[in-house]
Amino acid sequence: MLSLHTFLLFFLSLSGLLHAKSSSGDSVLVVLEPARQADFSIFFDGLKEQGYELTFRGPKDEKPIVAEHDVPAFSHIIILASESKNFAKDITPQSLVELMSGGTNLLMALSEKQTPLSSLASEFSLILPPPGTPLVSFFPERKDPLSMIPIDAPVDSLILSPKMNPVWFSGVPHALGSNPLLVPILHAPSDSFAADTDSNADALVDAAEKGGEGLWAGSQLSVATGFQALGGARATWLGGVDMLSDKFAKKSKAGNKQFARDVAAWTFQESRVLRIDSTTHHLVNGTTPLEQYTINDQIVYTAQISHYNAKTSKWEPYSGITDMQLEFTMLDPHVRTALLPVAGSPGTYSVTFRAPDRHGVFKFVINHKRKGWTHLFSSTTVPVVPPRHDGYPRFLSAAWPYYAGAISTSVGFFVFSAAWLAGESRESKKAKKTQ
């Protein structure tokens, strides 16, 4: 009876995963002060409508636990307690990095003050301005405070919806390091800078002096940035929690509601999620993969790739990648060729190439990295050997000079031997006659 009960629980949990909105699960832990939960009701209600199961927890609470026996208990974690300087012992920069390594997606908001999240930001190559210097701008002219800024969404954004209304922002900006895994989402306006909110027109000079390494101003700063880990997990950093608040979502002609939906969809792996279903390799005119190949063999390599459709919660074949490459490597790539989609076969990518004229242990490697998309990686090891003793052709055209030399030497040897022997027999006959 116990085994049947366990099986039913497993089946129900599996069914819930299959019907989850996200490709990685629908359980969400929200770390937030209980008193501020009502300030983000529009954002939370939108997540619930999408099928997510929200669990709330205070920043200093110890339950529910985020991981048990090093296994993450939630698929996604939202940390909006940006003002908290102390968190529970299981919410530390190190534990959050470990959770992300285990596949948990993170959505975090920064604060103008120095908090544990500020030190975690540096692990993601985010550079924060000095504490107490939020982003301010005098343009456009408005009645709102200088630190409350409308920001136009980029037209060619990989994550945000096109033709989105301005996104209202209030918080701290950050500069981006050289980490290639960073995904810019929303940049600061070109006329904005980081300074004290009560500053005057001379605040631009003060911001330069406080920055130390340069001026914290302009569109090189970012207010929302994503991070695509190699393992597939994603993290998004927001410069302020108010970007997700009801206050900004209810402003006239504000795009914050749509912005929150788009950011959550990307962070929780609803959009731009790819995976490699299978890979195969075989000889031309063959179908069975070989344990080893011979040099100069014609090899066919095929990969099946699918894309997650959040509307149907299903994986579907995807043929939209046009710049993927296949490498046949032994320490260094010996063959690098385009792995293109096959016409008439959705989700199938194939290429035919000749094995290099060198034996050793090779790998079929796909390492496709594009900003905003899931990284695709596959590695298959296969040896390449020289031909067998009976695998070479009987005669090599390049060796005809050597063949001719050997034949001429043999013929000359027989002619010389015959002439020598014939000469000896004649001399013996003459000697007998003279006697």
For the table K143/K247; K63/K257; K163/K371; K143/K253, the rows whose alpha-carbon distance is greater than 25 Å are K63/K257
Extend 7 Å from the Cα of T312 along its Cα-to-C-beta direction; within the range 336-379, residues with backbone N under 16 Å of that point are 345-348
Ignoring GluC sites (Glu not before Pro) buried by more than 16 other Cβ within 10 Å or outside DSSP loops, the longest site-free run in the chain is 292-435
Stretched fully, the stretch from L396 through E53 gains (0.36 nm per residue minus C-alpha distance, one decimal, in nm) 116.4 nm
Note on the range 274-385: contact order normalised by length, alpha-carbon pairs under 8 Å, 6 or more apart, percent, works out to 28 percent
Simple SL model, points at 7 angstrom along Cα→Cβ for F413 and K363; separation in nm is 5.2 nm
Label model pair D90, S252: point-to-point distance (7 angstrom along the Cα→beta-carbon line) in nm is 4.7 nm
The distance between the Cα centres of the range 299-374 and the range 44-66, in whole Å, is 38 Å
Counting only protein heavy atoms with a 1.4 Å probe and every protein chain in place, the carbon and sulfur fraction of the accessible surface of the chain in whole percent equals 56 percent
Among the Cα-Cα pairs of the chain, the proportion with separation greater than 34 Å, in percent, is 50 percent
With 0.36 nm assigned to each residue of separation and the Cα-Cα distance removed, S122 to R36 gains 28.3 nm
Straight-line reach check, K48, cutoff 20 Å on alpha carbons, 8 or more apart in-chain or any other chain, hits among aspartates and glutamates -> D26, E33, D39, D242, D246, D262, E270
Expected unfolding gain across K143-D297 under the 0.36 nm per residue rule, minus the alpha-carbon gap, is 48.2 nm
Output for the range 371-425: trypsin sites (Lys or Arg not before Pro) sitting in coil per DSSP, at most 12 other Cβ within 10 Å, listed by number, reads R388, R394
Relative contact order of the chain (C-alpha contacts under 8 Å, at least 6 apart) in percent is 12 percent
Heavy-atom accessible area per residue of the chain, all protein chains kept, 1.4 Å probe, expressed in Å², is 55 Å²
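The values are calculated or read from the model by the stated rules, or taken from the named source; none is laboratory data. Remember, it's a predicted structure, so these values are computed and weren't measured experimentally. Cβ: placed from backbone, ideal geometry, glycine included. Neighbour counts: every protein chain shown. What goes into the accessible areas is simple: the full protein's heavy atoms, side chains included, and nothing from ligands, DNA or RNA. Shrake-Rupley method; radii C 1.70, N 1.55, O 1.52, S 1.80 Å.
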